[in-house]
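These notes are about the structure you will find just below.
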Amino acid sequence: MNNYDVNKFNTDLLTNIFSIIYPFAFFPSSYLIDQKGIQKSIRIGAIITIIGSLFKVFINTHVAFVYIGQILIAFAQPFIINTFARSVSLWFRLERVY
């Protein structure tokens, strides 16, 4: 924290940004999964994650890059995680469960 002149609040915000962004990214990701499919959603999530990771590489330039990268990665998370529920619902049809 001392190396980059970042206070404790900003450090805590960096770890909690996933919980803050998830509700806002949930609905677009669910819509994309239902309309375009699992594969397209995972690709978009992976691309956004890669872009966010590249932003985080530039931490030595300015700390703001870390925040931008973290927000992008947090936004991409539901595009990948929400596909599991859809794939399970496609694999186990209602007729097969009962």
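Here are the numbers for the structure shown:
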item: Identity of the residue in the stretch 43-74, over 16 Å from residue 15 (Cα atoms) and not in a helix (DSSP H, G or I), that ends up nearest to the chain's Cα centre (by Cα); result: 62
item: Members of the stretch 1-40 found to be farther than 19 Å from residue 81 by Cβ, β-branched (Val, Ile, Thr) and assigned to a helix (DSSP H, G or I), listed by number; result: 11
item: Selected residue (only one of 30, 19, 53 is surrounded by fewer than 10 Cβ atoms within 10 Å (Cβ to Cβ) and among the hydroxyl-bearing types (Ser, Thr, Tyr)); result: 19
item: Single residue of the stretch 58-84 satisfying the filter (surrounded by 11 or more Cβ atoms within 10 Å (Cβ to Cβ) and without any contact (Cβ under 8 Å) to a residue 12 or more places away in the chain) that is farthest from residue 37 (Cα to Cα); result: 62
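FYI, it's all coordinate maths here, none of it is from the lab. Being a predicted model, the structure only gives us computed values, none of them experimental. Here Cβ is always computed from backbone atoms with ideal geometry, including for glycine, and neighbour counts include all displayed protein chains.
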